[in-house]
Amino acid sequence: MTTVFLILLGACLGSFIPCFAERRAAQESQWTRSHCDHCGRTIAPLYLIPVAGYFLARGRCSHCQAAIPRIYPLLEALGAVIAGCFAMQHAPFGHSMLLIATASMLLLLSLDDWQSQLIYTSDLVLYALLLLIDLWLYGAHWWPDRLLGAAIVALPLLGIYLLRPDALGSGDIIFMAASGFYLGIVPTTYAFLLAMVLALCYALYLLRGKSASQSTAIPLIPFLALGVLSQLLLSYNNIF
């Protein structure tokens, strides 16, 4: 029963986070009911059910028949899958909840960086706070390893930032310092290498499609977040 609850929670967070990010970017109130972006009509509760609501609405607004972006049910399903992976580790309930919340913050940071190349300090603080609370309650790893993990990627990024401030943002450095402190040196290295491979593949895809030039800025947080998430899932039993 706990696993089912956590899976549903992950799906709900996968639905809420994109909505929150879009409303914040548009400076829209977070307290109004969900509505269609095209006609502005309020969405019926039945169609707000994560994943299922998309299919019940047949992928379109019930009022204006505008197509609902497929990314929404995909993110909801992804949230459910990630939550399910954490839930099935038979870890303490609080530990699973904190990891699901951390994964949600990874999504929020990624969406903000992808849409506007902007990282909110409040989001980074909350992300780091979740990691520290989880370490304090459930962590049992070698602390020097965590300190090295915080430095192994963050310090080189800091050097690049000092030499080329236009190459990356300070948020990338803070993100990797917090993530590295949580993961430790080896998982952090793997996370960064995976992120760089994914970012390179995306850059080559853009260049091949001639939709970008060599000077086009690429948001880095989404790829770093994917790398960190992969290590949270793969190294789960080794971190704690």
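Extension gain for the segment S170 to M196, taken as residue separation times 0.36 nm less the Cα-Cα distance, is 7.6 nm to one decimal. From Cα pairs below 8 angstrom and at least 6 apart in sequence, can you work out the relative contact order of the chain, rounded to a whole percent? Relative contact order, the chain: 19 percent.
Segment R208..L118, full-extension length gain: 29.8 nm, with 0.36 nm per residue of separation and the alpha-carbon distance subtracted.
Against the main long axis of the alpha-carbon atoms of the chain, helix 2-25 sits at an angle near 80°. Each Lys or Arg adds one and each Asp or Glu subtracts one; over the other residues with Cβ under 14 Å from the Cβ of W114, this totals -4. The modelled label-to-label distance for the pair S62/A26, using points 7 Å beyond Cα in the direction of Cβ, is 2.0 nm.
In units of the compact-protein estimate 2.2 N^0.38 Å, region 44-151 shows a Cα radius of gyration of 1.37.
The distance separating the Cα centre of region 62-130 from that of region 132-166 comes to 22 Å.
Annotation: peptides 191-198, 1-8, 172-179, ranked by per-residue average of other Cβ atoms within 10 Å with the highest first, follow the order 172-179, 191-198, 1-8. Over the residues of the chain, the helix contribution to mean residue ellipticity at 222 nm works out to -23000 deg cm²/dmol, using -39500 (n - 2.57) for each DSSP H run of at least 4. Taking amide H positions as modeled 1.01 Å from N, with prolines and chain starts lacking one, the residues under 5 Å from H35 and 5 or more places away or on another chain are I43.
Each value in this text was obtained by applying a stated rule to the coordinates, not by laboratory testing. In this text, all values refer to a predicted model and were calculated from it rather than measured experimentally. In this analysis, Cβ positions are derived from the backbone assuming ideal geometry, glycine residues included, and neighbour counts consider all displayed protein chains.
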